[in-house]
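The values are calculated or read from the model by the stated rules, or taken from the named source; none is laboratory data. All figures in this text were calculated on a predicted structure; none of them were measured in a lab. Please note: Cβ atoms are built from the backbone with ideal geometry, for glycine as well, and neighbour counts cover all protein chains shown.
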Amino acid sequence: MEFDQLRYFLQVAERGNFTRAAEDLAISQPALSRSIQKLEEELGQPLFERRTRSVSLTDTGTLLQPRAQQILSIIEDTKAEITDDGESGRVRIGAIPTVAPYFLPEVLQRFSTAFPQASLIVQENTTDVLLKSCTQGEIDLAIVALPVPAKYLEIEELFEEELLLVLPPDHPLAEKPRIRMSDVEPFPFVLLDEAHCLSDNIVSFCRQRAFHPVAVERTSQLTMVQELVSLSHGVSMIPEMARHRDQSNRRVYRSLTRPKPMRTIAVVWNPYRFQSRLLQAFREHLHES
């Protein structure tokens, strides 16, 4: 049994399709199929139920999957520990879309200057995907917004930031001296898709104020939320870090009266994986930033 066979097996199990898995692995589909077939012959059991356009795990495949992940994690951690010099190596960073483009660029630039031999790999995705990747060792840490169902993961708060009300310039509330949540209640909202935790933060805060925001439109990009607000499709709440990057005069940002809507940004990681000195340095760098 070879390590590459286990890696190939896990990729097919993740994708549920030989063609897509082969593309991800940058190998030919026949080569991938031969590798999986050889592994099945060695085990004496089929690992996949093969259909026309997809595959699914057999009972044997389901048994092998977590153990293959554990084996590869041990090998990877062992290599990382042996070669850990605190200066070089790889840090795989995950971040949610409402954090990655606004918070990470300056952080990555400063860290790269301090550790020029380090390789930084960034994955932007939703909270659920990042937590799964972190648990399975596919990324070293994830920057997310609390709360998160982080079972078996370590959580460390980084900072709090305000969620600002965003309005078109001609909106009736744009010139109001003090805006309360009760003032916002009659207006429709533009929100991110339900997969994004920012929408949960907004809906949860509104419910605490005894109303449920009516979402007239949903989108997958925060920049599109801002553009739709500019076009008077509704109002929304935007993280302060995104507001700082917005140079448009087609939107107005207002702070609500207390209690202000806030979100807490945190870093999570798997404490059961090897923590290199470079990774620890990056976590310290996050706090300094």
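Quick look at the values:
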| read-out | value |
| --- | --- |
| Output for the range 229-238, where each listed residue is assigned to a helix (DSSP H, G or I) and surrounded by fewer than 19 Cβ atoms within 10 Å (Cβ to Cβ) | S230 |
| Filtered residue count, the range 220-239, keeping only those that are under 22 Å from the mean Cα position of the chain (by Cα), modelled with pLDDT of 95 or more and either farther than 19 Å from R263 by Cβ or among the small types (G, A, S) (or both) | 2 |
| Answer residue from the range 273-289, given it is crowded, with 16+ Cβ neighbours inside 10 Å and charged (D, E, K, R) and is nearest to E160 (Cα to Cα) among those | R283 |
| Criterion (under 23 Å from R254 (Cα atoms) and either assigned by TED's automatic domain parsing to the domain that holds N270 or outside any helix (DSSP H, G or I) (or both)) met by exactly one of E175, E106, E138 | E175 |
| Complete set of residues in the range 239-251 that are in a loop (DSSP other than H, G, I, E, B) and of a type in the set (D, E) | D246 |
| Tabulated pairs, the range 203-214, first surrounded by 11 or more Cβ atoms within 10 Å (Cβ to Cβ), second of a type outside the set (F, W, Y) and in a loop (DSSP other than H, G, I, E, B), C-beta under 6 angstrom, 6+ apart or interchain | F205/P261; C206/P213; F211/E185; V214/P188 |
| Matching residues in the range 92-117 - criterion: being touching a helix residue (DSSP H, G or I) at 6+ places or on another chain (Cβ under 6 Å) and over 22 Å from E14 (Cβ atoms) | T98, Y102, F103, F111 |
| Flag for L146 being in the same structural domain as H233 (by TED's automatic domain parsing) and crowded, with 16+ Cβ neighbours inside 10 Å | no |
| Within the range 252-272, tally of residues that are over 13 Å from L163 (Cβ atoms), more than 27 Å from the chain's Cα centre (by Cα) and assigned to a strand (DSSP E or B) | 1 |
| Filter result for I71 (in contact (Cβ under 8 Å) with a residue 60 or more places away in the chain and exposed (fewer than 14 other Cβ atoms within 10 Å of the Cβ)) | no |
| Evaluation of F9 against (1) closer than 19 Å to E138 by Cβ; (2) hydrophobic (A, V, I, L, M, F, W, C); (3) touching a Gly at 6+ places or on another chain (Cβ under 6 Å) (one fails), failing number | (3) |
| E161 more than 30 Å from L10 (Cβ to Cβ), touching a residue at least 12 places away in the same chain (Cβ under 8 Å) and either touching a Ser or Thr at 6+ places or on another chain (Cβ under 6 Å) or surrounded by fewer than 16 Cβ atoms within 10 Å (Cβ to Cβ) (or both) | no |
